[in-house]
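Report on the structure given below.
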Amino acid sequence: MYKCCVFDLDGTLINTIFALTRTINKVLERFGYAPIDEDHTRIFVGDGYKKFVERTLIYRGDKDLACLEEALLLYCQVFEENCLYRIEAYDGMRELLAWLKEQGFKLAVLTNKADAQAKATIEKVYGSHMFDLITGERPDVKRKPDPEGALYTARTLGVLPEECLYLGDTNTDMRTGIGAGMDTVGVTWGFRDREELEAFHPKFLADHPGDVKKLLSRLRGM
């Protein structure tokens with residue numbers, strides 16, 4: 001029986017597409033490149049900010065990544081100022097989280113967003129007491145899709161990996177959950193499409209946070 005739900009952040013818990021796009025476009029502008037739109041942001045994010053910046057620079061013509069180091073430093077500065085820009089909870093997510101807490105589930109966040117900004121983002125949208133553990137990118141925990149962060153989450157919360165349900169919107173999330181021995185839920189309301197998620201054979205697919213409640217209610221015989 002599941003005792004814990006581990007959530008990805010961007011594209012799963014919170015729609016951060018406008019903050020991410022605004023930040024990367026300010027970086028591109030500094031180097032004389034044209035902006036990208038939200039659709040390209042959805043494709044380029046998911047593996048941490050370094051890979052996001054790298055993919056965007058290559059797309060805009062910096063094939064040799066001559067601007068990468070300077071762009072990474074600038075991205076961190078700009079994102080600190082813009083990480084809360086137009087962020088919002090996905091429809092139905094507040095209700096799902098409240099229900100999970102009522103049912104006694106432990107709730108965790110595992111993200112490749114920088115740890116401090118992950119905590120600030122969560123607190124802005126959900127407050128400081130919704131989640132039992134929030135783990136962002138930091139030196140002592142390997143980034144997803146390495147399963148280390150997911151296993152660290154389970155250990156810290158005192159549950160077994162098989163007692164955790166891992167929810168995310170990208171192939172990175174599916175690989176993370178599967179690698180950690182957790183059942184995965186591919187959520188289709190986020191940044192990537194159903195086909196990408198299905199390719200990694202998640203245990204479940206959900207089109208809306210309410211589908212997760214229905215799933216868990218059914219599994220618990222409610």
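For the reader, a short list of remarks on this structure follows.
- Whole-Å distance, taken between Cα centres, linking region 72-135 and region 1-33: 11
- Remark: the chain carries a charge dipole of roughly 440 debye about the Cα centre, counting +1 on each Lys and Arg Cβ and -1 on each Asp and Glu Cβ.
- LYS106 long-range amide H proximity, modeled H, under 5 Å: CYS4, CYS5
- Where both bridge residues fall in the chain, DSSP classifies roughly 15% of the beta bridges as antiparallel.
- Cα gyration tensor shape of region 166-222, rounded if a/c is under 1.5, else prolate or oblate by comparing a/b with b/c: oblate
- Amide hydrogen neighbours beyond the local backbone of LYS142, cut-off 5 Å, H modeled: GLY149
- If only the Cβ of Lys and Arg carry +1 and only the Cβ of Asp and Glu carry -1, the dipole of region 101-222 around its Cα centre is close to 260 debye.
- Ranking ALA118, VAL185, LEU197 by how far each Cα lies toward the positive end of the dipole of region 63-222 (charges on Cβ) leaves VAL185 at the top.
- Carbon plus sulfur fraction of accessible area for the chain, probe 1.4 Å, in percent: 49
- Farthest positive-ward along the chain dipole, Cα basis, beta-carbon charges - from MET93, TYR33, PHE44: MET93
- Between helix 49-59 and the chain: long-axis angle, C-alpha atoms, 0 to 90°, nearest 10: 50
- Using a simple spin-label model with pseudo-atoms 7 Å out from Cα toward Cβ, GLU38 and ALA98 lie 2.5 nm apart.
- Think of each Lys and Arg Cβ as +1 and each Asp and Glu Cβ as -1; about the Cα centre, that makes the dipole of region 1-96 roughly 80 debye.
- Beta bridges from DSSP with both residues in region 73-196: antiparallel share about 10 percent, rounded to the nearest 5.
- Cα gyration tensor shape of region 74-222, rounded if a/c is under 1.5, else prolate or oblate by comparing a/b with b/c: rounded
- Evaluating 6.51 cos²θ - 1.76 cosθ + 1.60 at θ = phi - 60° for every residue in region 150-158, the Karplus couplings come out as 5, 5, 4, 4, 4, 4, 4, 8, x Hz, glycine and proline recorded as x.
- Exceeding the 18 Å Cα-Cα cut-off - candidates LYS119/LYS203; LYS144/LYS213; LYS50/LYS113: LYS119/LYS203; LYS144/LYS213
- Considering only alpha-carbon pairs that sit under 8 angstrom and 6 or more positions apart, the relative contact order computed for region 118-202 is 22 percent.
- Per-residue ³J(HN,Hα) for region 79-89, Karplus 6.51 cos²θ - 1.76 cosθ + 1.60, θ = phi - 60°, Hz, x for Gly and Pro: 5, 4, 7, 10, 5, 9, 5, 6, 7, 7, 5
- Distance-filtered residues of region 162-195 - backbone nitrogen under 13 Å, label point 7 angstrom along LYS51 Cα→Cβ: 169-177
- Of all the options LEU73, LEU167, LEU151, the one that moves most in a Gaussian network model of the chain with Cα springs shorter than 10 angstrom is LEU73.
- Protein heavy-atom accessible surface, 1.4 Å probe, per residue over the chain: 46 Å².
- Taking a ≥ b ≥ c as the square roots of the eigenvalues of the alpha-carbon gyration tensor, region 15-107 is classed prolate because a/c is 1.5 or more and a/b outweighs b/c.
The values are calculated or read from the model by the stated rules, or taken from the named source; none is laboratory data. A quick note: this is a predicted structure, and the numbers were derived from the prediction, not measured. Backbone-built Cβ (ideal geometry, glycine too); neighbour counts: all protein chains shown. Ligands, DNA and RNA are excluded from the accessible area calculation, which covers all protein heavy atoms including side chains. Shrake-Rupley method; radii C 1.70, N 1.55, O 1.52, S 1.80 Å.
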